[in-house]
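One structure below.
The values are calculated or read from the model by the stated rules, or taken from the named source; none is laboratory data. Nothing here was measured: the structure is a model prediction, and the numbers come from that model. When we count neighbours, we look across all protein chains shown, and the Cβ atoms used for this are built from the backbone with ideal geometry, even at glycine.
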Amino acid sequence: MQAEVRLGLIGFGEESEGPDLPAARHAIDLLAMISEKTRGNLSLEEQRLIENSLTELRFRYVHAVQESAKAASARESKPASEAKSADEAKSEADEAKSEE
């Protein structure tokens, strides 16, 4: 559950926090360590539960990393496109002044 909270999949209250990827990765790694340390001491059902949970959490972690990368690239490209628009507007204004 801690990994799901850190991935931003589960929230408490009205606050919507974004994913905390390093903390999510840590929680997933801890569950993997518990899985390794308890191997052979769990029932088949318990072992399957841990393995399925790890698989699902790892999938969601990769998805969250990809979404985070998309959001970061969108933030980086937006100011650059706005700067181009400002430069284009300035050059158009300079052209209009020179034509007068």
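Residues satisfying the criterion are absent from segment 74-90 (criterion: part of a loop (DSSP other than H, G, I, E, B), loosely packed, with under 10 Cβ neighbours inside 10 Å and modelled with pLDDT under 95).
State whether the residues of segment 48-60 include one that is aliphatic (A, V, I, L, M), more than 19 Å from the chain's Cα centre (by Cα) and modelled with pLDDT of 90 or more.
The initial filter retains those residues of segment 48-60 that are aliphatic (A, V, I, L, M), namely 49-50, 54, 57.
Next, from what is left, pick out any that are more than 19 Å from the chain's Cα centre (by Cα): 49-50.
After this cut, where a residue has to be modelled with pLDDT of 90 or more as well, the list is 49-50.
For segment 48-60, residues aliphatic (A, V, I, L, M), more than 19 Å from the chain's Cα centre (by Cα) and modelled with pLDDT of 90 or more: present.
What residue, of A23, A64, A93, is in a helix (DSSP H, G or I) and at pLDDT below 90?
Working: A23 fails: at pLDDT below 90; A64 fails: at pLDDT below 90.
Only one candidate qualifies: A93.
Find the residue count for segment 42-61, including only residues that are surrounded by fewer than 10 Cβ atoms within 10 Å (Cβ to Cβ) and part of a helix (DSSP H, G or I). First the steps, then the outcome.
To start, the set of residues in segment 42-61 that are surrounded by fewer than 10 Cβ atoms within 10 Å (Cβ to Cβ) comprises 43-45.
Keeping just the survivors that are part of a helix (DSSP H, G or I) gives 44-45.
Qualifying residue count for the region: 2.
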